[in-house]
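Below is one structure, written out as structure tokens, with a few remarks after it.
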Amino acid sequence: MSTVVYSARRIITMNPNLPFATHVAVRDGRILGAGPIESLKGWGKVEVDDRFADKVILPGFVEGHSHAYEGGVWKFPYVGYFDRTSPDGALARGLKSIDEVVAALQAYETKMPRDGSTLLAWGFDPIYFGGRRMNLADLDKVSAARPVVVLHSNFHVLNANTPVFAKAGITRHTNVHGVVKDEHGEPTGELQENTAKFMAYKAAGVELAAILSDDAATWGFAKVAQLAGVTTATDLHNTLPDSTVAAYLAASASVDFPLRLLPAFAAFSMPPDEGIARLKELAKKNNERLRFQLVKIITDGSIQGLSARMRWPGYYDGTPNGVWNVGPDEIDRLLLAYHRAGLQVHIHTNGDEASEVAIEAVERALAAAPRWDHRHTLQHAQMADAGQFRRLKALGMCANLFANHLFYWGDVHYAKTLGPERAERMDACGTALKLGVPLAIHCDAPVTPIGPLFTAWCAVNRLTASGRTLGEAEKISVADALHAITLGAAYTLKLDEELGSIDVGKRADFAILDDDPLAVPPEKLNDVGVWGTVLGGRVFEAPRV
Amino acid sequence: MTAPIPFTVIGGFLGAGKTTLLNRLLAGAEGRRLAVLVNDFGALDIDGELVAKHGGDTIALSNGCLCCTIGDSLVATLLALLERSDEFDHIVVEASGVADPGRIADLATLEARLHRDGVIVVVDADDVQRRAADRRVGDTVLRQLKAADLLVLNKIDLADDPSVVRTWLDGQSMAPVLEARHADVTLALVFGLDQHGVSQSDGNPKPFRSWSYSWPDPVDRSALLAMLDEVPSHVLRAKGIVRFADSADRRSIVHMVGRRVDISEDGSWPGDVESRLVLVGTGAMLHSFERE
Ligand SMILES: [Zn+2]
Ligand SMILES: [Zn+2]
């Protein structure tokens with residue numbers, strides 16, 4: 001039974017009895033204690049390890065809302081606007097114009113086998129190109145023979161080249177929702193929603209979902225999380241087919257797997273009685289690095305996808321209200337069933353009408369089956385106002401807010417979807433904390449990159465990509481933001497007694513940082529480097545590329 | 001290339017009777033191998049007598065039909081199904097209670113192996129107006145009605161005054177309306193089960209009629225479209241093989257479900273034959289509807 005004591009420049013514990021320390025002792029993968037070295041020596045013989053002597057140690061970050069597809073998408077080239085780190089630690093440079101995207105794809109295309117196979121890329125976002133949209137001609141420059149499909153960063157829109165359109169027979173006469181046409185009625189090359197999804201699957205082969213969650217993808221996800229200091233992350237919507245379960249079990253069986261993974265079972269994928277039985281069966285296979293315990297219900301779409309369910313007065317630009325993926329009656333039925341079974345349910349709600357429906361469903365479930373400490377959590381809850389947060393608090397619910405949205409889509413929300421007033425108070429972290437709602441903040445990777453320090457930076461500074469500050473009053477302190485990405489997120493996953501802070505008996509999960517996030521200026525929080533992580537006492541250094 | 005597979009979508013709000021209609025179809029689809037995709041997990045409530053064996057997410061039925069749950073993705077399930085398209089003659093999707101069935105039918109337009117047949121929306125005569133007035137789901141209900149090619153006004157026996165709901169429905173949708181109890185519609189008519197659209201009554205509750213037309217000379221396209229535009233409301237379908245004057249060397253397939261007309265070309269005109277068009281519908285003969 002060996003005991004290792006790590007010295008550090010500073011240890012930020014999230015434990016109010018001992019908020020800061022210089023040493024932390026680890027035994028059997030758990031935290032034996034923190035404090036000055038003298039107070040730890042009483043535990044017996046210790047081995048002092050000074051490799052983190054100039055580093056800052058925090059509890060390992062907890063990403064409460066991400067998707068393991070983040071590990072799979074890297075099998076395809078990334079063509080986004082912002083720099084992004086791949087699982088092997090290499091930086092994929094952001095592409096700052098459509099011409100740069102085309103050039104990058106041309107270079108990639110020349111290395112592909114000459115077999116007519118499809119070139120699929122992801123992460124593209126045209127909102128930063130001053131109104132210029134990608135068109136057929138752009139992608140025909142990549143290849144006039146091979147199908148080329150570029151998925152946008154929201155995964156609901158894509159661009160394709162002429163071979164794709166020709167094969168599908170899409171012309172000016174195609175009268176189908178989601179085929180974008182120019183002022184002359186000709187298809188531009190952009191496809192949206194169901195149409196986009198259909199063409200993407202056709203292009204990539206129907207095995208796309210399997211490719212995105214196989215063994216390699218699972219490892220890729222764990223690595224990309226590790227690079228960001230994350231030791232626990234959710235895969236927050238998965239139908240959990242046998243192939244995916246097998247990949248998760250195999251990966252998590254290895255002590256080298258650098259993540260505690262929590263998949264959330266997609267409630268809509270089977271009748272609730274079967275789903276509950278399946279989840280309880282899967283939970284028997286839980287191990288230290290894999291935990292089946294969460295349930296997810298998706299209600300509406302997304303705000304920027306114009307598919308969020310909003311209360312009056314709806315979209316700022318007059319777009320009609322969005323769509324239900326699961327309607328109010330079904331939300332009630334699913335929630336009640338999983339609630340009765342004693343499970344914790346995470347409910348995707350973007351628009352405020354969706355949040356309202358979810359809150360009322362929990363209210364009814366509690367009336368029908370009173371239950372303490374259920375911690376049903378609204379995921380995103382981007383438009384929730386003070387009244388809805390008061391109801392969350394009263395009902396014992398939690399909120400995991402999509403802080404990264406402020407940066408990536410804040411400008412669009414301000415100008416088009418929500419308008420200034422509601423954009424200023426979207427993802428209202430300040431209100432949630434003021435009203436005592438348990439709070440986490442998230443990235444929803446692969447929609448935005450996984451990186452809790454960046455997510456914390458968003459909640460602290462509330463800056464959009466163009467530099468506008470959205471909602472001074474909703475800013476939170478760095479200390480509160482760090483809590484939200486550690487113990488706060490752990491609370492929303494019912495893991496707060498086990499991890500999320502550096503405290504006696506908890507798992508030895510740490511984020512090892514190059515700098516002190518409490519000492520750097522708040523606007524530099526996202527520049528703090530991540531050296532790597534410690535998971536259950538095992539050290540995982542991030543690769544330097 | 002083999003002929004494209006007809007693709008039908010059944011839509012309608014929760015409780016309207018979509019599954020009842022589906023079960024009638026499965027029980028009555030003699031000699032027709034259906035593949036049914038069910039988007040509403042709770043609704044895979046298939047008549048036990050039909051079930052032959054289980055296999056993963058798919059249930060094979062004793063009459064040669066096949067049922068599967070859509071699970072996470074309609075798109076992925078549909079594409080996987082198309083890989084075994086030799087096993088069936090017709091695909092039917094039961095949309096979820098909040099889905100826009102028109103958007104699902106769009107997929108058939110994008111897929112050469114499919115032919116978009118009808119969007120059938122089942123309506124609860126007793127409940128639809130209350131649902132349509134609900135601030136959270138009203139717009140969803142109205143979108144479904146607008147997407148319909150044919151409306152099945154179900155549970156008509158439960159409506160306080162059927163004429164009230166009929167009048168209201170006429171204001172919401174252009175689609176012809178079939179009244180029904182327990183979804184007892186003429187299946188062949190609603191689903192176009194007879195490939196050529198020509199068949200006598202199949203003995204189901206509401207016998208249907210057909211009227212055929214033929215033209216020895218090439219047909220003026222706009223005249224034919226105008227004719228279809230003016231058919232009486234009890235004409236529900238049309239199917240024809242037509243030689244249009246503006247493309248006289250081509251064989252054009254005319255297909256109408258409700259008031260939606262699709263025209264596609266599928267080859268060259270086979271020489272000395274007449275253009276033919278068949279209308280199918282319910283009710284009386286077409287007195288006022290004279291042959292062109
Ligand atoms: Zn979501
Ligand atoms: Zn998500």
Q.
For the stretch A:337-355, which positions are within 20 Å of A:ALA489 (Cα to Cα) and within 16 Å of ligand 2 (Cβ to nearest atom)?
A. A:VAL345, A:HIS346, A:ILE347, A:HIS348, A:THR349, A:ASN350, A:SER355
Q.
Just to be sure before I move on: is A:ALA337 within 14 Å of another protein chain (Cβ to nearest Cβ), part of a helix (DSSP H, G or I), within 16 Å of ligand 1 (Cβ to nearest atom) and small (Gly, Ala, Ser) in the structure I sent?
A. no
**Q.** Complete set of residues in the stretch A:114-165 that are in a loop (DSSP other than H, G, I, E, B) and in contact with a Gly (Cβ under 9 Å, 6 or more places away or on another chain)
**A.** A:THR118, A:ASP125, A:ARG133, A:MET134, A:ASN135, A:ALA145, A:ARG146, A:PRO147, A:SER153, A:ASN154, A:HIS156, A:ASN161
Q) Any idea how many residues of the stretch B:16-50 are modelled with pLDDT of 90 or more and within 13 Å of chain A (Cβ to nearest Cβ)? A) 1
Q. So how many residues does the stretch A:302-336 have that are within 16 Å of ligand 2 (Cβ to nearest atom), among the small types (Gly, Ala, Ser) and open to solvent by 10 Å² or more (accessible area, probe 1.4 Å)?
A. 3
Q: Kindly indicate whether any position in the stretch B:116-130 is in a strand (DSSP E or B), of a type outside the set (Ser, Thr, Tyr), in contact with a Phe, Trp or Tyr (Cβ under 6 Å, 6 or more places away or on another chain) and within 11 Å of chain A (Cβ to nearest Cβ).
A: yes
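Conditions tested, residue by residue: (1) among the charged types (D, E, K, R); (2) under 17 Å from the mean Cα position of the chain (by Cα).
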{"residue": "A:GLU356", "(1), (2)": "yes, no"}
{"residue": "A:VAL362", "(1), (2)": "no, no"}
{"residue": "A:ALA367", "(1), (2)": "no, no"}
{"residue": "A:PHE389", "(1), (2)": "no, no"}
{"residue": "A:ASN400", "(1), (2)": "no, yes"}
{"residue": "A:ARG422", "(1), (2)": "yes, no"}
Q.
Please verify whether A:GLY130 is on the phi > 0 side of the Ramachandran plot and either touching a residue at least 60 places away in the same chain (Cβ under 8 Å) or open to solvent by 70 Å² or more (accessible area, probe 1.4 Å) (or both), treating the condition exactly as stated.
A. yes
Q. Any idea how many residues of the stretch A:59-76 are among the charged types (D, E, K, R) and open to solvent by 20 Å² or more (accessible area, probe 1.4 Å)?
A. 1
Q. Which of the residues spanning the stretch A:236-272 are within 16 Å of ligand 1 (Cβ to nearest atom) and either touching a helix residue (DSSP H, G or I) at 6+ places or on another chain (Cβ under 7 Å) or open to solvent by 10 Å² or more (accessible area, probe 1.4 Å) (or both)?
A. A:HIS237, A:ASN238, A:THR239, A:PRO263, A:PHE265, A:ALA267, A:PHE268, A:SER269
Q | strands (runs of 3 or more DSSP E) wholly inside the stretch A:15-69 containing at least 2 residues that are of a type in the set (D, E, K, R) | A | A:47-49
Q. Looking at the stretch A:377-386, is at least one residue open to solvent by 10 Å² or more (accessible area, probe 1.4 Å), away from ligand 2 (no atom under 16 Å from the Cβ) and within 23 Å of A:VAL345 (Cβ to Cβ)?
A. yes
Q) Restricting the search to the stretch A:257-282, which residues are free of Cβ contacts under 8 Å to residues at least 40 places away in the same chain and touching a Lys or Arg at 6+ places or on another chain (Cβ under 8 Å)? A) A:PHE257, A:PHE265, A:ALA266, A:MET270
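With respect to A:GLY220, determine if the residue is more than 14 Å from every other protein chain (Cβ to nearest Cβ) and either at pLDDT 95 or above or surrounded by 19 or more Cβ atoms within 10 Å (Cβ to Cβ) (or both).
yes
If a residue has to be in a loop (DSSP other than H, G, I, E, B) and closer than 12 Å to A:GLY488 by Cα to count, how many in the stretch A:426-445 make the cut?
Number satisfying all stated conditions: 4.
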Q. Assuming A:VAL362 fulfils every condition listed in (1) open to solvent by less than 10 Å² (accessible area, probe 1.4 Å); (2) within 14 Å of chain B (Cβ to nearest Cβ); (3) free of Cβ contacts under 8 Å to residues at least 60 places away in the same chain apart from one, which condition is it?
A. (2)
Q: Please specify each residue of the stretch A:158-202 satisfying the condition of being at positive phi and at the interface with chain B (Cβ under 10 Å from one of its Cβ atoms).
A: A:GLY169, A:GLY178, A:GLU193
(Q) For the stretch A:82-113: of the residues being in a loop (DSSP other than H, G, I, E, B) and more than 27 Å from A:PHE454 (Cβ to Cβ), which is most open to solvent (accessible area, probe 1.4 Å)? (A) A:LYS111
**Q.** Residue satisfying all of: in the stretch A:446-488; assigned to a loop (DSSP other than H, G, I, E, B) and hydroxyl-bearing (Ser, Thr, Tyr); farthest from ligand 1 (Cβ to nearest atom) among these
**A.** A:SER477
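Given the criterion open to solvent by 10 Å² or more (accessible area, probe 1.4 Å), more than 23 Å from A:LEU191 (Cα to Cα), away from chain A (no Cβ under 12 Å) and not aliphatic (A, V, I, L, M), identify the matching residue among B:GLU94, B:GLU87.
B:GLU87
Consider A:HIS173 carefully, then state whether it is modelled with pLDDT of 85 or more and surrounded by fewer than 18 Cβ atoms within 10 Å (Cβ to Cβ).
Working: modelled with pLDDT of 85 or more: yes; surrounded by fewer than 18 Cβ atoms within 10 Å (Cβ to Cβ): yes.
So A:HIS173 passes the test.
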**Q.** Pick from the stretch A:273-297, criterion buried (at least 22 other Cβ atoms within 10 Å of the Cβ) and within 13 Å of chain B (Cβ to nearest Cβ), ranking: farthest from A:GLN382 (Cα to Cα)
**A.** A:GLY275
Q: Please state which one of A:LEU470, A:LEU435 is closer than 22 Å to A:LEU392 by Cα, at pLDDT 95 or above and of a type in the set (A, V, I, L, M, F, W, C).
A: A:LEU435
Q) Looking at (1) open to solvent by 10 Å² or more (accessible area, probe 1.4 Å); (2) within 16 Å of ligand 1 (Cβ to nearest atom); (3) more than 23 Å from A:GLY275 (Cα to Cα), which is the only condition A:SER355 fails? A) (1)
Q | Only listed residue being away from ligand 1 (no atom under 16 Å from the Cβ), more than 14 Å from chain B (Cβ to nearest Cβ), open to solvent by less than 20 Å² (accessible area, probe 1.4 Å) and under 27 Å from A:LEU493 (Cα atoms), chosen from A:VAL56, A:VAL79 | A | A:VAL56
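The values are calculated or read from the model by the stated rules, or taken from the named source; none is laboratory data. Everything numeric here is computed off the predicted structure, so don't read it as measured data. Note that each Cβ is placed from the backbone with ideal geometry, even for glycine, and that neighbours are counted across all protein chains shown. The area values use the complete protein model at the heavy-atom level, side chains included, leaving out ligands, DNA and RNA. Shrake-Rupley method; radii C 1.70, N 1.55, O 1.52, S 1.80 Å.
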